[in-house]
Amino acid sequence: MAKNLHIKNKIREEAKLPPSMSWDAMEGKIATRLNELEGTAQAKGNTSNFAKRSLLVLLLLLVVAGSATLYYFIQKNPIENHSDTPSQSHQAIAQKQEKEHSLTLEKAEKNTPIKFEEKIIPPQKDNNVLLDKRGTINKQIKKASPKSLNNKLNKNTNTFVAVDDSKTTLDYLSAFDEKTISSSPTQQVFVESQGNATEQNLIDKNIVAVESADKRKLLSTQNLLLNFPPIENTIDETWITDKLNEAAISKPNIDLPTVPKWSLGLYSGATLWQLNAKGSTLGDEKAQFEKGIFSYGASAKIDYKLHSKWSLSTGLEWQSLQSKLDYYNEKDSIVTRNILTQQFVSPITGNPYSEVRQDVELVGIAWKEVIHYNNYQMLSIPVVINRHFHFSNKWNASIGTGLQYGRLLKLEGRSLGYKNVAEEITDIVDLQKDNFSKNQVAVLAQISLNYQINQYWSLTFSNRINQNLSNLNNTDTHTLRPSIMSNYLGLNYHF
Amino acid sequence: MITNKVIKGCLAKERWAMQQCYEQCAPYVFTIIKNYIYNETDQQDVMQETFAQVFYSIQNYDSNKGKFKSWISQIAINQAINFLRKNKKLSFLVPLNEEALDIKEEITKIERLDKIQLNQCIEIMPIGYRTVFLLNLVEGYTHDEIAQILKITAQTSRSQLSRAIKWLRKHIQQHQKTLTYG
């Protein structure tokens, strides 16, 4: 309703200021209050700044602590020192292999005029070893996933071949019986073709090259080299075949850890949420009076690794969402009493008498703040696809998105409801399951930080935001599409 | 009329400016406050709080957004309501059965009352009714705005106004009856 000027003008006729409110009387009080306000504001400013600063400091501390821990672990457990430990991740093995291969080739080329090239020979049925071709470093190894690397290491032939511009060696090797070579495809063959090289030179130079690589893996090659015949002698086919066979027998068996594909995790933590009530008077009033408060939840999750960087997870999540309904309830009672009377004198009798002239209303008011704590319990099944980012062999982060199907298990408390829908008169009513949809669908996004304790166990901190797509409320009067932010800490077992 | 010079002086917390501001605005502010609060000591407290707030937050005053008088009146109303709420004098009844009321017609009747009658009626009106009545009909706030100011629902505000008008109607009738008998 618009301002009523008739009434306003009658009410707002400027009153004369009482002497007790003159400037002289008020100046001191106002000044004192102003000083208090300025003092409080400073303190409040400090408090709110303090809260913001505290949050920033906390975040900063977390970042610093995380970085320090990361740095500490990297410094303490460099990838190179863990090549033999079973807990080393496959990514680290891949990096190590790659690094060692390049070092081997670099070092070998520095110490010898012989050029070394690496060939990875695929496990073909008819393995021709490709010794008659000038190999180039197979770049695929750099991109290989742990799984494919593992396969390559186990099934393929890693061959270090010394080559030079002279065709002698290549011609000679080409003359090998293909069957003999392919029958022992895991051998490493080092040859030297320079006519003036002595046997000792050859051995020294090649040992340097070989020692730079994985000792266990190249043990057979070393043995082969140490028994290399003098250069002046003719290298005959039988000798080479024998040595290859010897090397095949002495080849160490390297067991690489298998990549765990599954993980099972248990999580729990705190949630913050809001009801997001909208539409009609009831929706607006709910939004104003009922607020989501600090709640909690727990979940069990199973995760399947589709790839080193992608995984799919699902599970079961239980959440107890609390809300607070806060309103003022006032009751007044008006009692009418006929207490104002007027005295008259009867003109006829001259006797006095009294008549009731006015009723007086006595207004009594009871005022109280009412708070109801409500509880919405949900059980849901999220399906999430995650993309992982590996920072080191211990730390990785992931982002994920997906859908969640939920069921409303339990409702407790009181909330606002329509007492009279037509006139939109609201009242406080008990929460009833009938007024809520049992099935809920939500979309979710999450970010997680994982710490790999060892090969089997890891810790995860995850932050997830769910947004209900379906309406929690099943009446047409208003919509409730809660947004939930969950912060969970969980322990995962990988198998 | 508050000049820019006075405002600047208040910003600089200069005594002469504050005094001039107070002396020019206090009667108007007092007129507003006395509609909400009747006890003189309470009125004094609210006046003190209002002007302290005015001088404290004068940097927030933007002359492009409205007159100084409107700005100061908003502060006065807020302070009066805060005072009532703090002292738990403000209360609102959520009606169970609301009888339909032709508000326009009733307001016309109220408009016919003379100044003294109207002020007398408002003075004895229950405080919850009075606050909503003043905020809606005198200050021109909508029910949604009143709901926000008083932290009640818009529905409660509507029903409070309706009840305030009914209450006034009843008192006008009694008043007229008294006049007839008198």
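Descriptive notes on the structure:
- In the range A:418-445, residue modelled with the lowest pLDDT [restricted to those that are in a strand (DSSP E or B) and in contact with a helix residue (DSSP H, G or I) (Cβ under 7 Å, 6 or more places away or on another chain)]: A:Ile425
- Residue match in the range B:133-141 (condition: touching a helix residue (DSSP H, G or I) at 6+ places or on another chain (Cβ under 9 Å) and either among the hydroxyl-bearing types (Ser, Thr, Tyr) or farther than 21 Å from B:Thr31 by Cβ (or both)): yes
- Selection within the range B:102-134: residues that are touching a Lys or Arg at 6+ places or on another chain (Cβ under 9 Å) and part of a loop (DSSP other than H, G, I, E, B). The member of this set that is nearest to B:Lys166 (Cα to Cα) is B:Pro126.
- Matching residues in the range B:37-77 - criterion: being in a loop (DSSP other than H, G, I, E, B) and farther than 18 Å from B:Met1 by Cβ: B:Ile37, B:Tyr38, B:Asn39, B:Ser57
- Qualifying residues in the range A:321-340 (those that are at pLDDT 65 or above and more than 10 Å from every other protein chain (Cβ to nearest Cβ)) - the one surrounded by the fewest Cβ atoms within 10 Å (Cβ to Cβ): A:Lys324
Residue-wise test of (1) touching a residue at least 12 places away in the same chain (Cβ under 8 Å); (2) assigned to a helix (DSSP H, G or I); (3) at positive phi; (4) touching a strand residue (DSSP E or B) at 6+ places or on another chain (Cβ under 6 Å).
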position	(1), (2), (3), (4)
B:Ile2	yes, no, no, no
B:Lys8	no, yes, no, no
B:Lys13	yes, no, yes, no
B:Ala17	yes, yes, no, no
B:Cys21	yes, yes, no, no
B:Gln24	yes, yes, no, no
B:Ile32	yes, yes, no, no
B:Asn35	yes, yes, no, no
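- Checked against (1) in contact with a strand residue (DSSP E or B) (Cβ under 7 Å, 6 or more places away or on another chain); (2) among the charged types (D, E, K, R); (3) modelled with pLDDT of 85 or more, B:Lys88 passes all but condition (3).
- Qualifying position, being in a helix (DSSP H, G or I), of a type in the set (A, V, I, L, M, F, W, C) and modelled with pLDDT under 75, among A:Ala51, A:Ala31, A:Ala65: A:Ala51
- Scanning the range B:48-72 for residues that are away from chain A (no Cβ under 11 Å), in contact with a Phe, Trp or Tyr (Cβ under 9 Å, 6 or more places away or on another chain) and within 23 Å of A:Gly28 (Cα to Cα) returns a single hit, B:Ile72.
- Boolean, A:Leu17 is modelled with pLDDT of 75 or more, surrounded by 12 or more Cβ atoms within 10 Å (Cβ to Cβ), facing another protein chain (nearest Cβ under 8 Å) and outside any helix (DSSP H, G or I): yes
- Count - residues of the range A:446-495 that are closer than 30 Å to A:Leu282 by Cα, touching a residue at least 24 places away in the same chain (Cβ under 8 Å) and not in a strand (DSSP E or B): 10
- Note on the range B:103-160: residues that are among the polar types (S, T, N, Q) and either within 7 Å of chain A (Cβ to nearest Cβ) or in contact with a strand residue (DSSP E or B) (Cβ under 7 Å, 6 or more places away or on another chain) (or both) amount to 4.
- Evaluation of A:Trp318 against (1) of a type in the set (A, V, I, L, M, F, W, C); (2) at pLDDT below 90; (3) farther than 30 Å from B:His143 by Cβ (one fails), failing number: (2)
- Output for the range B:110-129, where each listed residue is in contact (Cβ under 8 Å) with a residue 60 or more places away in the chain and loosely packed, with under 14 Cβ neighbours inside 10 Å: B:Glu123
- For the range B:38-47, taking the residues that are at pLDDT 85 or above and within 14 Å of the chain's Cα centre (by Cα), the one that is farthest from the other protein chains (Cβ to nearest Cβ) is identified as B:Val46.
The values are calculated or read from the model by the stated rules, or taken from the named source; none is laboratory data. Small disclaimer: the values here were computed from a predicted structure and weren't measured. Using ideal geometry, Cβ is built from the backbone for each residue, glycine included, and neighbour counts are taken over all protein chains shown.
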